[in-house]
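Asks: Pasting a structure below so you can have a look.
The values are calculated or read from the model by the stated rules, or taken from the named source; none is laboratory data. Since this is a predicted model, take the numbers as computed values, not measurements. Positions of Cβ are backbone-derived with ideal geometry, glycine not excepted, and every protein chain shown enters the neighbour counts. Accessible surface areas use protein heavy atoms only, side chains included; no ligands, DNA or RNA. Shrake-Rupley method; radii C 1.70, N 1.55, O 1.52, S 1.80 Å.
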Amino acid sequence: MARSILHCDMNNFYASVECMMDPSLKGKAVAVCGLTEERHGVVLAKNEAAKAFGVKTGEATWEARKKCPALVIVHPHHELYKKYSLLAREIYGRYTDRIEPFGLDECWLDVGGSIRLFGQPEEIADEIRRTVKAELGLTVSVGVSFNKIFAKLGSDLKKPDAVTCIFEESFREQIWPLPAGEMLGVGPGAASVLAKYGIHTIGQLAAAPDEFLRQKFGKSGAVMKLYANGLDDSPVRRADENPPPKSVGHGLTAAEDIVKAGDVNALMISLAQDVGKRLRSAGMKARGVSVTVRDSTLAAKEWQCRMPFPTASPTYIAREAFALFCRSYAWASPVRAVTVRAIDLCDENDPYQLSLDGESEKEEKRERLDGAISRIRDAFGSGALKNACLIGAPNRDGDEL
C-alpha cells in the first residue's frame, strides 16, 4: 500500500491560542514571551500581525519591541497549549491511527489506509484544515506528500490556513529550487557550510558528491542527500507507539551569566546527574555526549564527541562534557545556558570492547557507586547527597530549558 503522508502544523500555535482565548487581542501584534524577570525574555511565538513587523521566534523581547513598539506581550500558558494540542490530535484520529507528534503543534499522519473511507489525501487534508478551524478556532497548514520530509516541507511552504501538495512525479521541479536550509535535517549550521561550497539549493544538495558530504557531515551528510532526493522511507508511528529514545538531555538557563569555566563545570555536573538517572531508568547507556551552549548574545553552538565506552555514569558524562566544552568554547561572550545530552544510546546489556588500561574496570566500579547514590537520592530526596562542588555554587537557580 502506497504511503500518503500529511504534516499538520498549527499556525503560530501559542499566539493563536492566546488570541482565541482573549478576544481583546484581535487585530493586535501579539508575542508570547517567557518571563523577563527570569531571564527568559525570548519570543516563543508570534501572530501574523507581529510577524509583519519582522518579529522572530527566539529573539529577545527587547529586540521584538524595538521592531514593533505596540507589541502586546503575553506570558505562556502551557497547560492550555497541551489541551488544544490533544484536541487537535483527537480530530486527526478520526482519519487514521498513524499519528506521530513532532512537538505540541505539529504531527505527521499516514492516511494511506483511509483513502477508501475519506477520499484522496489532499481532500482529507482540506477536511482536517476546515474541521480544526471550525471546532477549535485555530488554523492549520497541511503538507501532503509521499514521505515525511516533503510533507513537512509542504506545510512550511504556504501559511497560514493552507494545503500544499508535493507529488512524487513532480517534486524535483517543485522543491529542488528551494534553499537547502528549508528542508528538515539541514540546520542553519549545515546550510552555512554547504553555502561556502556553492551548495545553496535542495537540488544542488541532491547532486552533491557523496565523499564531500561524508567528510563534512559524517553519516548525516548521506541522510541529507537521501532526503533531498525524496528517498526518506521512515514510517509514521502509531499514536500508541513509544520508540526508544535516541538521546537523553537536560539543560538550564543560568540565573546569571557565567564567566568562569569552573561554574560551567559545576552546572554540567548537576545536569549530568539528571541525564544519568534517566539513562538508568530507561536501561540504557550512552556512547557519546553532546554539549549545547547559548551565550549572552543568544547565539547557540553545539558540539559532540564519542566516549571510549558506553556509560550511564553522571560523573563520566559530566567529565567528558566539560572536556568537550573546554576544547570547543572560545569565551567570546559569557555563557547563558548549557545543555548536556547523552547520544548514540544502546541497551545497558549490550557487549562492548574492554580497554587494556584498566579504565573499563574503573568505570564499572564508578557505575556501581553512582547506582548506590541514585538509590539513596530516590529514597531520601535529591538533596540527600550532593557533590561538594555544588554546595554554595552560583547559577544553580536557573530555569530548565
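Asks: Give the residues of the stretch 162-176 that are open to solvent by less than 50 Å² (accessible area, probe 1.4 Å) and modelled with pLDDT of 95 or more, sorted by residue number.
Replies: Selection gives Ala162, Val163, Thr164, Cys165, Ile166, Phe171, Ile175.
Asks: For the stretch 308-336, which residues satisfy the criterion of being outside any loop (DSSP other than H, G, I, E, B), among the hydrophobic types (A, V, I, L, M, F, W, C) and surrounded by fewer than 22 Cβ atoms within 10 Å (Cβ to Cβ)?
Replies: Phe309, Ala323, Leu324, Phe325, Cys326
Asks: Turning to a different aspect of this structure: Which condition breaks for Glu211 when tested against (1) assigned to a loop (DSSP other than H, G, I, E, B); (2) free of Cβ contacts under 8 Å to residues at least 24 places away in the same chain; (3) open to solvent by 70 Å² or more (accessible area, probe 1.4 Å)?
Replies: With respect to (1) assigned to a loop (DSSP other than H, G, I, E, B); (2) free of Cβ contacts under 8 Å to residues at least 24 places away in the same chain; (3) open to solvent by 70 Å² or more (accessible area, probe 1.4 Å), Glu211 is out only on (1).
Asks: Go through the stretch 107-135 and count every residue that is at pLDDT 95 or above and buried (at least 18 other Cβ atoms within 10 Å of the Cβ).
Replies: The qualifying residues number 11.
Asks: Taking interchain pairs and intrachain pairs at least six residues apart, which have beta carbon atoms under 7 angstrom, with the first residue in the stretch 117-135 and under 25 Å from Lys83 (Cβ atoms) and among the hydrophobic types (A, V, I, L, M, F, W, C) and the second in a helix (DSSP H, G or I) and open to solvent by 60 Å² or more (accessible area, probe 1.4 Å)?
Replies: Ile124/Phe118
Asks: Is the stretch 280-291 home to any residue that is among the polar types (S, T, N, Q), without any contact (Cβ under 8 Å) to a residue 60 or more places away in the chain and touching a Phe, Trp or Tyr at 6+ places or on another chain (Cβ under 8 Å)?
Replies: So far as the stretch 280-291 goes, yes, one or more of its residues are among the polar types (S, T, N, Q), without any contact (Cβ under 8 Å) to a residue 60 or more places away in the chain and touching a Phe, Trp or Tyr at 6+ places or on another chain (Cβ under 8 Å).
Asks: Can you confirm whether the stretch 68-76 contains a residue that is in a loop (DSSP other than H, G, I, E, B), open to solvent by less than 60 Å² (accessible area, probe 1.4 Å) and at positive phi?
Replies: Among the residues of the stretch 68-76, not one is in a loop (DSSP other than H, G, I, E, B), open to solvent by less than 60 Å² (accessible area, probe 1.4 Å) and at positive phi, which makes the answer no.
Asks: Could you check, for the stretch 278-289, whether at least one of its residues is in contact with a strand residue (DSSP E or B) (Cβ under 6 Å, 6 or more places away or on another chain), in a strand (DSSP E or B), under 13 Å from Ser247 (Cα atoms) and of a type in the set (D, E, K, R)?
Replies: yes
Asks: From the residues in the stretch 177-206 that are touching a Ser or Thr at 6+ places or on another chain (Cβ under 8 Å) and touching a residue at least 40 places away in the same chain (Cβ under 8 Å), which one is least open to solvent (accessible area, probe 1.4 Å)?
Replies: Out of the qualifying residues, it is Ala180.
Asks: Please specify each residue of the stretch 12-33 satisfying the condition of being assigned to a loop (DSSP other than H, G, I, E, B) and surrounded by 20 or more Cβ atoms within 10 Å (Cβ to Cβ).
Replies: Those that are assigned to a loop (DSSP other than H, G, I, E, B) and surrounded by 20 or more Cβ atoms within 10 Å (Cβ to Cβ): Asn12, Ala29.
Asks: While we're here: State which residue is least open to solvent (accessible area, probe 1.4 Å) when the search covers only the stretch 215-260 and only residues that are farther than 30 Å from Val275 by Cα and of a type in the set (D, E, K, R).
Replies: This residue is Asp232.
Asks: Moving on. Filter the stretch 265-301 down to residues that are of a type in the set (A, V, I, L, M, F, W, C) and under 23 Å from Ala60 (Cα atoms), then give me how many there are.
Replies: The number of residues fulfilling the criteria is 5.
Asks: If I go through the stretch 261-305 residue by residue, how many of them are within 21 Å of the chain's Cα centre (by Cα), open to solvent by less than 30 Å² (accessible area, probe 1.4 Å) and farther than 18 Å from Glu320 by Cα?
Replies: Of the residues in that region, 1 qualify.
Asks: All but one of (1) in contact with a Leu (Cβ under 8 Å, 6 or more places away or on another chain); (2) surrounded by fewer than 21 Cβ atoms within 10 Å (Cβ to Cβ) hold for Ser145; which doesn't?
Replies: So the condition that Ser145 fails would be (2).
Asks: Residues being outside any helix (DSSP H, G or I) and of a type outside the set (A, V, I, L, M, F, W, C): count how many of those fall in the stretch 182-193.
Replies: 2
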